[in-house]
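S.K.: I am attaching a structure below and will ask some questions about it afterwards.
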Amino acid sequence: MTVGTVTRRLHRLERPALAGVLYREIVNFGTYWRSATFSSTVEPTIYLLAFGFGFGSLVSRVGGYDYVEFVGTGTVATAVLFSSVFPGMFSTFVKHRFQRTYDAILAAPVDTEELVTAEALWIALRAGVYGCAPLLVAIAFGLDPRPQMIAVPFIGFVAGYGWAGFGITVAATMKSIDNFSYVISAVITPLFLVAGTFFPITGLPEWAQHLAQLNPLYHTVQLVRHAAFGFEVGADLVHWAALLTFGVAMWRLSVWRMTRRLVL
Amino acid sequence: MLTVAVKADIALRMRGVTKRFGPITAVNGLDLDVPAGTCVGLLGPNGAGKSTTMKMLTAQAIADEGELEVLGYRLPGESKQARAECGVVPQLDNLDVTLTVEQNLRVFAWLYRLGRHERGPAVERALEIANLVHRRSTRVDELSGGMRRRLLIARALVHRPRLVLLDEPTVGLDPQVRQELWALIDGLRSEGTSILMSTHYIEEAERLADTVTIMSEGKAVVTGRPQELVAEHAGSEVLEVYGPPDRLAEVEQTAVAGGLRTRRTGTSVAVVGIEDANGFAHEGARRPATLEDVFVLLTGEDIE
């Protein structure tokens, strides 16, 4: 008996599978975009205002820039971090453990690699957009707009992709959402120390300055700052390479961890 | 992309499939066939391995041993192709609760790769099958349990699958809703869709399944048509004897001594195959043997 005519071969990372997962995210985003946008833009803006005008009244210039401009560009990186690593961790965990969304998706012709890739792409896209909010605020408070700033959403996208992968890896590894506190306190918060977000890393001990080279947040800060104040080709190639390496490494790690979690 | 016609009389075939989780063997050498166009009931108590079997069929669990073939595709290697032509109704609700009924269906029309012009009609058809047309704009978290269940079935049918996997499709639902869903599933079977349905409701399997496989401790204990299984394993009549525990123990003793099989049914003892017993000493209520008698006799376990 002929049951039917079927397509015989499906490949890895197929566009229809990625589009399906992205479409689901976009439709869902329609139900919570207000709260997500509020938290992802207002929080870094408050940082910018607090540090920029709080410390700014004590410290007028840092590293050759006005302090509010220095912090404004640094805050872009924190906005990218917050709007990518937390959705990567919390949303992924909730969808996987509590809503069983991934069980539903994996029953369709979508594999874990496509699922994780599309989830990270969506988070990165949002991070690229949300990362621009503090920059716009900084411009409103006196930062000169430059054409090179068009690179900022792309920097946010690449960095956000890596952080989303990191978050998904955490979500796939931790057994309880309570354990996220360890990652936030022991990994994410210390990254601020050696990122040059609110103060230049040149004031830190030498070992901390070396450590900064391993910190993706530092490379994000540097790229955003150079987009605002002028690119330094040699150094920026290194920063791009670091961010791309981080993105690829976290992508593969998150796919591996999530596959281990979802496929028994 | 290569397109070929797959010839198959069997929609689903499992041979010697074993799945272990550490020291626990959840599925142990399972053989199972779902002939094309039929409904097979996978019946078993909790922990029998039904859900693990379902997970293996969608490659969310990988078998340690054995062969799995779904719609002519070998699993797990060709699982994605198989899933493109299967519909899955999970045991636990995994709908997007903040989306509307229609949005949920549309998301899966995308995930099942329907073309741009196919999605709208597919969603309409699924809404009609599940009788949810008037609820298309309702958010899922505002639906009743029965409606959510119907939506899960509609979601699994949005791409016109050739095989539908139903994992405990009516668990936790009240009798009216259950019967409504049975009508829906029966309609699918009538249209020629192949169905594998795991359940621990005996009546559900009896009403809907062409053949039933009873599982216990990860193994298929017996397979056959419900009435044939009843006739073969429980005869035609059962004597239900009620009374205090002492009396029930005495009935059991007498029955076993006479070569009859018994099972406890809460406050009574059921003596199976009573039509063959001459001069059984105890009085009780006679009733036709059921699949439930077969189930308990073969699995030795209580059921819901």
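The values are calculated or read from the model by the stated rules, or taken from the named source; none is laboratory data. Values in this document were obtained by computation on a predicted structure and should not be read as measured data. Because the Cβ atoms are built from the backbone with ideal geometry, glycine has one as well, and the counts that use them run over all protein chains shown.
S.K.: Would you check which residues across the range B:46-58 are crowded, with 24+ Cβ neighbours inside 10 Å and assigned to a loop (DSSP other than H, G, I, E, B) and list them?
M.R.: Passing the criteria: B:A48, B:G49.
S.K.: Need a quick list: helices (runs of 4 or more DSSP H) entirely within the range B:141-247 having at least 2 residues that are within 30 Å of B:G120 (Cα to Cα) and free of Cβ contacts under 8 Å to residues at least 12 places away in the same chain. Steps first, answer last, please.
M.R.: On the way: elements: B:145-157, B:175-190, B:202-208, B:226-234.
Answer list for the range B:141-247: B:175-190.
S.K.: Can you tell me which residues in the range A:118-152 are in a loop (DSSP other than H, G, I, E, B) and either within 14 Å of chain B (Cβ to nearest Cβ) or farther than 23 Å from A:I46 by Cα (or both)?
M.R.: Narrowing the range A:118-152 to residues in a loop (DSSP other than H, G, I, E, B): A:131, A:141-146.
Across the range A:118-152, the qualifying residue is only A:R146.
S.K.: Specify the residue that is surrounded by the fewest Cβ atoms within 10 Å (Cβ to Cβ); the eligible residues are those in the range A:99-117 that are more than 8 Å from chain B (Cβ to nearest Cβ) and more than 14 Å from the chain's Cα centre (by Cα). Explain how you work it out, then say what you get.
M.R.: Filtering the range A:99-117 for residues more than 8 Å from chain B (Cβ to nearest Cβ) gives A:102, A:112-117.
Now restrict to residues that are more than 14 Å from the chain's Cα centre (by Cα): A:102, A:112-116.
Values: A:Y102: 23, A:T112: 23, A:E113: 19, A:E114: 24, A:L115: 26, A:V116: 29.
Of everything passing the filter in the range A:99-117, A:E113 is surrounded by the fewest Cβ atoms within 10 Å (Cβ to Cβ).
One line per residue, one yes/no per condition, for (1) in contact (Cβ under 8 Å) with a residue 12 or more places away in the chain; (2) under 19 Å from A:W240 (Cβ atoms); (3) in contact with a Gly (Cβ under 6 Å, 6 or more places away or on another chain):
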position: A:V137; (1), (2), (3): yes, no, no
position: A:G162; (1), (2), (3): yes, yes, yes
position: A:Y182; (1), (2), (3): no, no, no
position: A:V187; (1), (2), (3): no, no, no
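S.K.: Right, another one. Scanning the range B:70-112 for residues that are of a type in the set (D, E, K, R) and surrounded by fewer than 24 Cβ atoms within 10 Å (Cβ to Cβ), which turns out nearest to B:T18 (Cα to Cα)? Even if it seems obvious, please write down each step before you answer.
M.R.: Looking only at the range B:70-112, we keep the residues that are of a type in the set (D, E, K, R), and these are B:74, B:78, B:80, B:83, B:85, B:93, B:96, B:102, B:106.
With surrounded by fewer than 24 Cβ atoms within 10 Å (Cβ to Cβ) added as a condition, the list becomes B:74, B:78, B:80, B:85, B:93, B:96, B:102, B:106.
Numbers: B:R74: 16, B:E78: 19, B:K80: 21, B:E85: 24, B:D93: 27, B:D96: 33, B:E102: 39, B:R106: 36 Å.
Looking at the filtered set, the residue picked out is B:R74.
S.K.: Among the residues of the range A:206-264 satisfying the criterion of being in a helix (DSSP H, G or I) and touching a strand residue (DSSP E or B) at 6+ places or on another chain (Cβ under 9 Å), which is farthest from A:R146 (Cα to Cα)?
M.R.: Residues of the range A:206-264 that are in a helix (DSSP H, G or I), as a first pass: A:206-212, A:216-229, A:233-262.
Remaining after also requiring touching a strand residue (DSSP E or B) at 6+ places or on another chain (Cβ under 9 Å): A:225, A:228-229.
Details: A:R225: 11, A:A228: 6, A:F229: 8 Å.
Going through the qualifying residues, I end up with A:R225.
S.K.: Let me ask something else about it. Which number in (1) more than 8 Å from chain A (Cβ to nearest Cβ); (2) outside any helix (DSSP H, G or I); (3) in contact (Cβ under 8 Å) with a residue 60 or more places away in the chain marks the one condition that B:E69 misses?
M.R.: (3)
S.K.: Right, next: Pairs, please: C-beta under 9 Å, at least 6 apart or cross-chain, first residue more than 8 Å from chain A (Cβ to nearest Cβ) and in the range B:96-120, second of a type in the set (D, E) and crowded, with 19+ Cβ neighbours inside 10 Å?
M.R.: B:N104/B:D96
S.K.: Considering the range B:21-36 alone, what residues qualify as being within 11 Å of chain A (Cβ to nearest Cβ) and surrounded by 15 or more Cβ atoms within 10 Å (Cβ to Cβ)?
M.R.: B:A26, B:P35, B:A36
S.K.: Shifting gears a bit: In the range B:166-181, which residues are buried (at least 17 other Cβ atoms within 10 Å of the Cβ) and under 25 Å from B:T52 (Cα atoms)?
M.R.: If the condition is that a residue be buried (at least 17 other Cβ atoms within 10 Å of the Cβ) and under 25 Å from B:T52 (Cα atoms), then B:L166, B:D167, B:E168, B:P169, B:T170, B:L173, B:R178, B:L181 are the ones that fit.
S.K.: So which of B:V221, B:V272, B:V230 ends up being modelled with pLDDT under 85 and touching a Ser or Thr at 6+ places or on another chain (Cβ under 8 Å)? It would help to see each step written out before you state the result.
M.R.: Values: B:V221 fails: modelled with pLDDT under 85; B:V230 fails: modelled with pLDDT under 85.
Only one candidate qualifies: B:V272.
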